[in-house]
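Worksheet for the structure shown next.
The values are calculated or read from the model by the stated rules, or taken from the named source; none is laboratory data. Fair warning: this is a prediction, and the values are worked out from it, not measured in the lab. Because the Cβ atoms are built from the backbone with ideal geometry, glycine has one as well, and the counts that use them run over all protein chains shown. Remember, those area values only see protein heavy atoms, side chains included, never the ligands or the DNA or RNA. Shrake-Rupley method; radii C 1.70, N 1.55, O 1.52, S 1.80 Å.
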Amino acid sequence: MTTVTTAVGGVASFLLFFRAVCSLFIGATSFAMSRVELLNPEGLRVDGRRANELRKLSCKLSPLQHADGSAYIEQGNTKVLAVVYGPRETRHRAQVMHDRAYINVEYLVAPFSAGERKKRSKNDKRLLELALAVKQTFDSVVMTTLHPRSQIDIYLQVLQDDGGALQASINAATLALVDAGVPMVDYVCACTGGCVDSQALLDLNHIEESSAETPDLTVAILPRSGKVTLLQMTSRVHSDQFEQMLNLAMEGCRQVHAVLDSSVRDSMQQLADQMTHR
Amino acid sequence: MSEQTFVTPAEVVTSDPSFMRGHGTYQEGKDIVSAVAGVVEQVNKLVTVRPLRTRYGGEIGDVVVGRITEVAQKRWKVDVNARQDGVLLLSSVNLPGGVQRRKSESDELQMRKFFTEGDMVVAEAQAFFQDGAMSLHTRSLKYGKLRNGTLVVVPPSLVLRSRSHFHTIANSVEVILGLNGYIWVCKRATKAPEEMDPDELYANVNEDISNQERETIARVCNCLQALSKRLIPIDYTVLAFAYEASLDRETKELLEPEVIEAVTTEAVARAAMVNE
């Protein structure tokens, strides 16, 4: 799996480099409007995708043996590892809830994950906010009332961030919870959407995400009921465009669901085969 | 075995209103919907979904091995690898000085003399509290404090229920297969618990353990780890065969993948012959 993805990554980064060089060249000669052309006239994006295409998504369940549940996910070049412990006895008295389980989320970003090497403290406000977003997403989905007085720990480690780290983290956490056998109402599937020249884009990468003129929207839905558990955007958009972005992102979530579901089935089948055929 | 049906979360298990929903499912209108990824199981009209990997659930009568985590009012908290710590009440242990002895206030004050934080204990699940916590008891000489050995942790679903969970291997090593996935491997006691001095039952000192005995304990531990690595259900029969199959290798060789493969395959084959 890893080799295939690196190959794809290599091609993508080459294309990206090629595009960047081209647009710089065009920019210098013809006074183009934007520095990097995010969507070219043929309808291709910086990494060669069309507007409504996801990046390559691959996942692996239970890479870690000692945890109750774990999952590793790659969405394009964004790589996240999620580990779940529990439900287990609460670590602190203050967290005990007599009618349900407490969900604890820790969101960690590796210093080598982005272009610039940077060590972030555990108490970084931005990371705490992301952890809170994940916690609130799962509070409504995990059937916490079945395990009173206990605690479920979700540790998220972003190993490489090429845009959409939050969506990848939510998808990884879902898989890890399923792997740990924690009862949930449904999968939670997340995806991002953006908008360039009033054209909605699906699953933004780092260049698209960091560009000032693209709004970026993260949506998490429950595929069975279509309910939205997370909707996050920090920029201003026209409501017509918003509608378009939201619909595209929700369509992306359904595609993500299909991939997650098939990987869960594969891993179950594998585990069952290991336990029965000797 | 082959007609197992797998379901994933939010998949409809059945829409037939005559079925009752069990663990791992929830009701939505007429549908019984799965809440976990696992195997559908049906007993008469009760439909449950059993996840393949999960924490230890426990049933009354289970033999469990646990570690004391906290000493509280008239009770000990015991880590039994479950969703919450188990509870061992002061009133459900045998204290030195006879089975019929009443527990007095002085016993409450010296609870750490019997079990203290970090001690290993083997007990039986006696009941469940309203919130799902397990109540344990050690009111038999089979149960009580553990010494002279080492702990092996395996996934709880691999330990099979059987008539007895206390076994002796190679006449020198005792194995306690806790159903919660904690397995205690120790030197066989020189004295039966019935002959022990009351104070000796709760002693904190190990007996002398010879090098030969240490080697055997390590070998049994490695066999258990090997079986768990290959996800083989563990009971006395398969463990004994794994031990026998490992005898022509050195103990440390049992950590190598090829040796694990060879030893466990042989053990499973021989265990299958016995069971037929």
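Being in a strand (DSSP E or B) and open to solvent by less than 40 Å² (accessible area, probe 1.4 Å) is the filter here; which residues of region A:153-167 pass it? Those that are in a strand (DSSP E or B) and open to solvent by less than 40 Å² (accessible area, probe 1.4 Å): A:Asp153, A:Ile154, A:Leu156, A:Val158. Once region B:96-117 is narrowed to residues that are in contact (Cβ under 8 Å) with a residue 40 or more places away in the chain and assigned to a loop (DSSP other than H, G, I, E, B), the residue that is surrounded by the most Cβ atoms within 10 Å (Cβ to Cβ) is B:Phe115. Taking the condition crowded, with 17+ Cβ neighbours inside 10 Å, out of contact with any Gly (no Cβ under 9 Å at 6 or more places or on another chain) and modelled with pLDDT of 95 or more, does A:Ser70 pass? Criteria met by A:Ser70. Against the numbered list (1) on the phi < 0 side of the Ramachandran plot; (2) under 17 Å from the mean Cα position of the chain (by Cα); (3) open to solvent by 10 Å² or more (accessible area, probe 1.4 Å); (4) in the same structural domain as B:Ala271 (by TED's automatic domain parsing), B:Val220 comes up short only at (3). Within region B:124-150, the set of residues being assigned to a loop (DSSP other than H, G, I, E, B), within 14 Å of chain A (Cβ to nearest Cβ) and either touching a residue at least 60 places away in the same chain (Cβ under 8 Å) or open to solvent by 10 Å² or more (accessible area, probe 1.4 Å) (or both) comprises B:Phe129, B:Gln130, B:Asp131, B:Gly132. Filtering region B:74-94 down to residues that are on the phi < 0 side of the Ramachandran plot and touching a residue at least 60 places away in the same chain (Cβ under 8 Å), which residue is nearest to the other protein chains (Cβ to nearest Cβ)? It comes out as B:Ala82.
Looking only at region B:156-176, how many residues end up being assigned to a strand (DSSP E or B) and over 10 Å from B:Pro233 (Cα atoms)?
So the first thing to find is which residues in region B:156-176 are assigned to a strand (DSSP E or B), and the list is B:159, B:166-169, B:173-176.
Right, trim to over 10 Å from B:Pro233 (Cα atoms) and you get B:166-169, B:173-176.
Count: 8.
Summed over region A:83-99, residues that are in a strand (DSSP E or B) and either within 9 Å of chain B (Cβ to nearest Cβ) or free of Cβ contacts under 8 Å to residues at least 12 places away in the same chain (or both) total 4.
Is it the case that region A:184-207 has a residue that's part of a helix (DSSP H, G or I) and closer than 27 Å to A:Arg55 by Cα? Among the residues of region A:184-207, at least one is part of a helix (DSSP H, G or I) and closer than 27 Å to A:Arg55 by Cα, which makes the answer yes. Restricting attention to region B:35-78, the residues that are of a type in the set (Asp, Glu) and open to solvent by less than 20 Å² (accessible area, probe 1.4 Å) total 1. Restricting attention to region A:49-62, the residues that are farther than 25 Å from A:Leu246 by Cβ and assigned to a loop (DSSP other than H, G, I, E, B) add up to 1. When we screen A:Tyr155, A:Tyr107, A:Tyr102 for residues that are closer than 19 Å to A:Lys60 by Cβ and more than 10 Å from chain B (Cβ to nearest Cβ), the only hit is A:Tyr155.
Annotation note: of B:Val153, B:Val159, the sole residue that is touching a Pro at 6+ places or on another chain (Cβ under 9 Å), β-branched (Val, Ile, Thr) and either in contact (Cβ under 8 Å) with a residue 60 or more places away in the chain or open to solvent by 30 Å² or more (accessible area, probe 1.4 Å) (or both) is B:Val159.
Can you tell me how many residues within region B:19-34 are more than 14 Å from every other protein chain (Cβ to nearest Cβ) and open to solvent by 60 Å² or more (accessible area, probe 1.4 Å)? Steps first, please.
Here is the first cut: in region B:19-34, the residues more than 14 Å from every other protein chain (Cβ to nearest Cβ) are B:19-20, B:30.
Now restrict to residues that are open to solvent by 60 Å² or more (accessible area, probe 1.4 Å): B:20, B:30.
Qualifying residue count, region B:19-34: 2.
Outside the structural domain of B:Asn222 (by TED's automatic domain parsing) and over 20 Å from B:Leu177 (Cα atoms), is that true of B:Met134? Before you say what the answer is, go through the steps one by one.
Details: outside the structural domain of B:Asn222 (by TED's automatic domain parsing): yes; over 20 Å from B:Leu177 (Cα atoms): no.
Taking the combined requirement at face value, the residue does not satisfy it.
Among the residues of region A:84-112, those identified as out of contact with any helix residue (DSSP H, G or I) (no Cβ under 8 Å at 6 or more places or on another chain), at negative phi and open to solvent by less than 30 Å² (accessible area, probe 1.4 Å) are A:Pro87, A:Thr90, A:Ala110. Residues that are under 22 Å from the mean Cα position of the chain (by Cα) and either more than 12 Å from every other protein chain (Cβ to nearest Cβ) or among the small types (Gly, Ala, Ser) (or both) do not occur anywhere in region B:5-15. Could you list, in sequence order, the residues of region B:1-15 that are charged (D, E, K, R) and either in contact with a Lys or Arg (Cβ under 8 Å, 6 or more places away or on another chain) or modelled with pLDDT of 95 or more (or both)? Hit for region B:1-15 is B:Glu11, nothing else.
How many of the residues in region B:49-71 are away from every other protein chain (no Cβ under 12 Å) and assigned to a strand (DSSP E or B)? Write out each step before concluding.
If we filter region B:49-71 for residues that are away from every other protein chain (no Cβ under 12 Å), which is where we start, we get B:58-65, B:68, B:71.
Narrowing further to those that are assigned to a strand (DSSP E or B): B:63-65, B:68, B:71.
Total meeting the criteria: 5.
Please indicate, with yes or no, whether at least one residue in region B:166-186 is open to solvent by 60 Å² or more (accessible area, probe 1.4 Å), among the hydroxyl-bearing types (Ser, Thr, Tyr), farther than 15 Å from B:Val122 by Cα and in contact (Cβ under 8 Å) with a residue 12 or more places away in the chain. Outline the logic, then answer.
Applying the first criterion (open to solvent by 60 Å² or more (accessible area, probe 1.4 Å)) to region B:166-186 yields B:171.
Of the ones still in play, those that are also among the hydroxyl-bearing types (Ser, Thr, Tyr) are none.
No, because not a single residue in region B:166-186 is open to solvent by 60 Å² or more (accessible area, probe 1.4 Å), among the hydroxyl-bearing types (Ser, Thr, Tyr), farther than 15 Å from B:Val122 by Cα and in contact (Cβ under 8 Å) with a residue 12 or more places away in the chain.
Take the residues of region B:177-190 that are of a type outside the set (Phe, Trp, Tyr), part of a strand (DSSP E or B) and in contact with a Lys or Arg (Cβ under 9 Å, 6 or more places away or on another chain): which is nearest to B:Gly86 (Cα to Cα)?
The first filter runs over region B:177-190 and keeps only residues of a type outside the set (Phe, Trp, Tyr), leaving B:177-181, B:183, B:185-190.
Next cut, part of a strand (DSSP E or B) only: B:177, B:183, B:185-187.
In the following step, the residues that additionally are in contact with a Lys or Arg (Cβ under 9 Å, 6 or more places away or on another chain) were identified as B:186-187.
Working: B:Cys186: 23, B:Lys187: 26 Å.
Only one residue fits best here, namely B:Cys186.
Residues of region B:197-209 that are surrounded by 11 or more Cβ atoms within 10 Å (Cβ to Cβ) and either assigned to a loop (DSSP other than H, G, I, E, B) or out of contact with any helix residue (DSSP H, G or I) (no Cβ under 7 Å at 6 or more places or on another chain) (or both): B:Pro198, B:Glu200, B:Ala203, B:Asn206, B:Glu207, B:Ile209. The requirement of being away from chain B (no Cβ under 14 Å) and at pLDDT 95 or above is not satisfied by A:Thr174.
Considering only residues in region B:35-48 that are in contact with a Phe, Trp or Tyr (Cβ under 7 Å, 6 or more places away or on another chain) and part of a loop (DSSP other than H, G, I, E, B), the one that is farthest from the other protein chains (Cβ to nearest Cβ) turns out to be B:Lys45. Report yes if some residue within region B:194-214 is among the β-branched types (Val, Ile, Thr) and in contact (Cβ under 8 Å) with a residue 40 or more places away in the chain; otherwise report no. Yes: one or more hits.
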